[in-house]
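Structure, as structure tokens:
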Amino acid sequence: MNDVTVVGAGPIGLAIAWRCAARGMTVEVADDGLPGAWHAAAGMLGPVSESYFGEGALTALLVESARRWPGFAAELGAEEIGYRASGTLVVALTGDDLAEVERLRVYQESLGLPITPQRPGELRDREPLLSPRVRGGAYAPDDHQVDPRRLVPALRGAATSAGAAIVREPRPARITVVAAGTGSAAVAGVPVRPVKGQILRLRAPGHQPPGFSHVIRGYADGRHAYLVPRLDGEVVVGATVEERTDAHVTAGGVSELLRAAADLVPEINEYELVEAIAGHRPGTPDNAPLIGAVGEGVIVATGHYRHGIVLTPVTADLVADLVETGVPDPMLGPFAPGRFA
Ligand code: GLY
């Protein structure tokens, strides 16, 4: 019998397995071999620019997890996982977009989060490739990025080096941790639903690093898109948010994303389009994760919705604590899985 079986081999499940194994527990991870939401994810670590009205508890958890990210990345090898601390520019194309950005920025600033307004010239000084049409925006220096497709193999290595086994059919365990993303609804009966996101991968000519280095979170004439530049020349452009269960890439989805992205950074029209895929975020009724016990010997760590990558370190640490002590950290109070009962 294992001490812990983790159901789900995405970043959250692997990081939990790693942390538990490192504490001396016998751990198996059940891996169905299918790529989860992480395979589509851009890997923005945006606790500030992803803080929205009415989500104060979630924001606090995002900020706490982001605080743990530099150490977490260093343990895995920051370069190996594509961790890049280059900051995020929030960019508005029109006057209406700027009004939307400003409303949110004032709220984010009122929480004490690091975000400063930017005039068009200041934005273009930071990123000369931004369209001359941009009307203004904001700079969030602490919002970073990581490459989920590098993160997951690194976490597999870290978990197995610590003694965890990744298997198809795990043995029974004293504690089962369900970290199965959208599959958690079927496994643990929790209210998680798939929220489709279409996302594109472009490549700068000659595999050169793209001509911009900040993550760009754009508001483009009422459309939203983000651009995440990687050192290897990749630019991830995302993402649609659709209440749909199919995984089709649609002409409309691709054209909306490309239009918004090229309105903000016209040069991307010259980039190669190398991939268009759709994934499903595990959404919950209040957009916040479900982390805690759901029954005797069963813990869930799921429903991370748009924030799975940024919330990986704090989720792993707090779930490992819970497995070890049986007592949930007070930080987990707002995320109790039974809160919708
Ligand atoms: N975290 C960004 C997204 O879900 O699209």
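A few remarks follow.
- Residue selection: A140 fails the criterion of being without any contact (Cβ under 8 Å) to a residue 40 or more places away in the chain and either under 15 Å from R217 (Cβ atoms) or surrounded by 16 or more Cβ atoms within 10 Å (Cβ to Cβ) (or both).
- Residue in region 164-173 that is over 20 Å from P266 (Cβ atoms) and under 20 Å from the mean Cα position of the chain (by Cα) present: no
- Near pairs, Cβ below 6 angstrom, 6+ apart or cross-chain, from region 100-115 (under 14 Å from A60 (Cβ atoms) and in contact (Cβ under 8 Å) with a residue 24 or more places away in the chain) to any residue that is surrounded by 16 or more Cβ atoms within 10 Å (Cβ to Cβ) and of a type in the set (S, T, Y): Q108/S51
- Residue count for region 16-36, restricted to those that are of a type in the set (K, R) and either within 19 Å of the chain's Cα centre (by Cα) or within 17 Å of G308 (Cβ to Cβ) (or both): 1.
- Residue list for region 317-332, restricted to those being assigned to a helix (DSSP H, G or I) and without any contact (Cβ under 8 Å) to a residue 24 or more places away in the chain: D321, T325, P330
- Positions within region 248-276 being over 13 Å from L202 (Cβ atoms) and polar (S, T, N, Q), in sequence order: T250, S255
- Filtered residues of region 246-258 (kept if in a helix (DSSP H, G or I) and either among the small types (G, A, S) or over 16 Å from H224 (Cα atoms) (or both)): A251, G252, G253, S255
- Inside region 241-271, residues that are over 27 Å from Y305 (Cβ atoms) and surrounded by fewer than 13 Cβ atoms within 10 Å (Cβ to Cβ) make up a count of 2.
- Residues of region 136-185 satisfying the condition of being touching a strand residue (DSSP E or B) at 6+ places or on another chain (Cβ under 9 Å) and within 30 Å of R105 (Cβ to Cβ): G136, G137, A138, Y139, A140, P141, D142, D143, H144, Q145, V146, D147
- Residues of region 285-312 satisfying the condition of being more than 11 Å from the ligand (Cβ to nearest atom) and surrounded by fewer than 23 Cβ atoms within 10 Å (Cβ to Cβ): P285, D286, A288, G292, A293, V294, G295, E296, G297, V298
- Among the candidates I199, I166, residue that is surrounded by 23 or more Cβ atoms within 10 Å (Cβ to Cβ) and either at pLDDT 95 or above or of a type outside the set (K, R) (or both): I199
- Residue within region 12-26 that is part of a strand (DSSP E or B) and more than 16 Å from the ligand (Cβ to nearest atom) present: no
- Pair list, Cβ under 6 Å, 6 or more apart: region 13-26 residue in contact (Cβ under 8 Å) with a residue 40 or more places away in the chain, other residue in a loop (DSSP other than H, G, I, E, B) and surrounded by fewer than 21 Cβ atoms within 10 Å (Cβ to Cβ): W18/A162; A21/A162; A21/G163; A22/A162
The values are calculated or read from the model by the stated rules, or taken from the named source; none is laboratory data. Just so it is clear, the structure is predicted and the values come from calculations on it, not from any experiment. In this analysis, Cβ positions are derived from the backbone assuming ideal geometry, glycine residues included, and neighbour counts consider all displayed protein chains.
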